[in-house]
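To start, the structure under review is shown below, and the notes come after it.
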Amino acid sequence: MNGDESPEQPQETGTDARIPTHIMGLDSILEGGVPKDYIVLICGHAGTMKSTVGYSIIYNGCKKDGLRSIYLTLEQSKQSILDHVEKLGMPSQGLDDLVVVDLARVRKDITVDKTKPQNVDWLKSIVGVLKNYKEKFGCECLVMDSLAALYALTTFKNPRGELFHFFEQIRDLGVTTFLISEMPTDREVYGLYGIEDFLSDGIIHLKVEQTSGGANLYLGVVKMRKTHHTREFMPLIYENGRFEVVRQ
Ligand SMILES: Nc1ncnc2c1ncn2[C@@H]1O[C@H](COP(=O)(O)OP(=O)(O)OP(=O)(O)O)[C@@H](O)[C@H]1O
Ligand SMILES: [Mg+2]
């Protein structure tokens, strides 16, 4: 199938409106895509292409469906992300509806008490910055890269309670959100605090498996509310600027 002739079109209206991932083969598994306004974890160990998958979803959503989107990178600088995705065939030139915001930008956007920078409530501040972007820019999709980087900025007193509140505030934004989550290597949980999985509406798991010929990347949909989907792990291939899952 020609990648640009995907039958996986967004459903425009109604309670079952979906945001296509434009990962070839995945949207038909997801009944058209990710349900609109859901919070979905994109998780995996280091180097499993989490950032690239997240970016490609909003890049293609912007190019093909005209969805205004924000890529919030708390890990890499804006330039580093843009260089990476350009190298992989997703140039940002002319894509005015996709805004990349990095931590340096967020620091400028929030009022930081420079004498006591450690007092910044990052969870609250980031929600405030996103609300602002949504009002001014009208964003429909968001990638936040990554939860681990957000946690590194935050001193939690009550992680479960504070994360519950944070997810609720993100949900209230009314933006389809992809949260990049690096999985701990010592436990089979999808986020550092072990609660991110039930706070999310969906989980897309990326993993590398070693074979005699090298290391292959697989994608599995572990959870997607309101969707009847397979749980099989499928080879994930990246070629010519597009991801594809292959059902075996
Ligand atoms: N066509 C390809 N197929 C598979 N892997 C690739 C391909 N091109 C590049 N890579 C690998 O993808 C990795 C980077 O992807 P990306 O930054 O999206 O991963 P990540 O999971 O976000 O990593 P990190 O844990 O460092 O944040 C590189 O380390 C590179 O080895
Ligand atoms: Mg990354």
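The values are calculated or read from the model by the stated rules, or taken from the named source; none is laboratory data. This is a predicted model, so every value here is computed, not measured. Here the Cβ positions follow ideal geometry from the backbone for every residue, glycine too, while neighbour counts run over all protein chains shown. Note: accessible area is taken over every heavy atom of the protein model, side chains too, but ligands, DNA and RNA are not part of it. Shrake-Rupley method; radii C 1.70, N 1.55, O 1.52, S 1.80 Å.
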Practice task
For the stretch 37-207, list log₁₀ I(q)/I(0) at each q in 0.10, 0.15, 0.16 Å⁻¹, using the Debye formula over Cα point scatterers of equal strength and ignoring solvent, two decimals each.
Solution key: -0.35, -0.83, -0.95
Fill in the blank from the handout: Note, residue 127: beta-carbon cut-off 14 Å, +1 each Lys/Arg, -1 each Asp/Glu, net -2
Exercise for the section: Work out the FRET efficiency for residue 212 and residue 79 from their Cβ-Cβ distance, taking R0 = 25 Å, and round it to the nearest 0.05. Expected result: 0.05
Handout entry: Stretch gain in nm, segment residue 230-residue 246, where the contour uses 0.36 nm per residue and the Cα spacing is subtracted
Key = 4.5 nm
Practice task
Compute the long axis of helix 78-87 from its Cα atoms, compare it with the longest principal axis of the Cα atoms of the chain, and write down the angle in degrees, 0 to 90, nearest 10.
Solution key: 10
Completion exercise
The answer for the stretch 37-207, accessible area per residue at 1.4 Å probe in Å², is 45
Fill in the blank from the handout: So, over other residues within a Cβ distance under 14 Å of residue 199, counting Lys, Arg +1 and Asp, Glu -1, the net charge is -2
Practice task
Please arrange 198, 178 by accessible surface area, largest first, computed with a 1.4 Å probe and ligands excluded.
Solution key: 198, 178
Exercise for the section: Return the whole-Å distance between the Cα centroid of the stretch 173-205 and the Cα centroid of the stretch 30-93. Expected result: 16
Problem - Helical mean residue ellipticity (222 nm; -39500 (n - 2.57) per DSSP H run of 4+; nearest 500) of the chain - result: -9000 deg cm²/dmol
Problem - Cα long-axis angle, helix 122-137 against the chain (0 to 90 degrees, to the nearest 10) - result: 70
Completion exercise
Partner lysines whose C-alpha sits under 23 Å from that of residue 223, ignoring same-chain residues fewer than 8 away, are 36, 50, 207
Practice task
Apply the Karplus parameterisation 6.51 cos²θ - 1.76 cosθ + 1.60, with θ equal to phi minus 60°, to every residue of the stretch 166-174 and state each ³J(HN,Hα) to the nearest whole Hz, in sequence, with x for glycine and proline.
Solution key: 4, 4, 4, 5, 5, 4, 5, 5, x
Handout entry: Cα gyration tensor, the stretch 154-232 - rounded (a/c under 1.5), prolate or oblate
Key = oblate
Fill in the blank from the handout: Rounded to the nearest 5, the percent of DSSP beta bridges in the stretch 127-240 running antiparallel is 70
Completion exercise
DSSP beta bridges in the chain: the antiparallel percent, rounded to 5, is 40
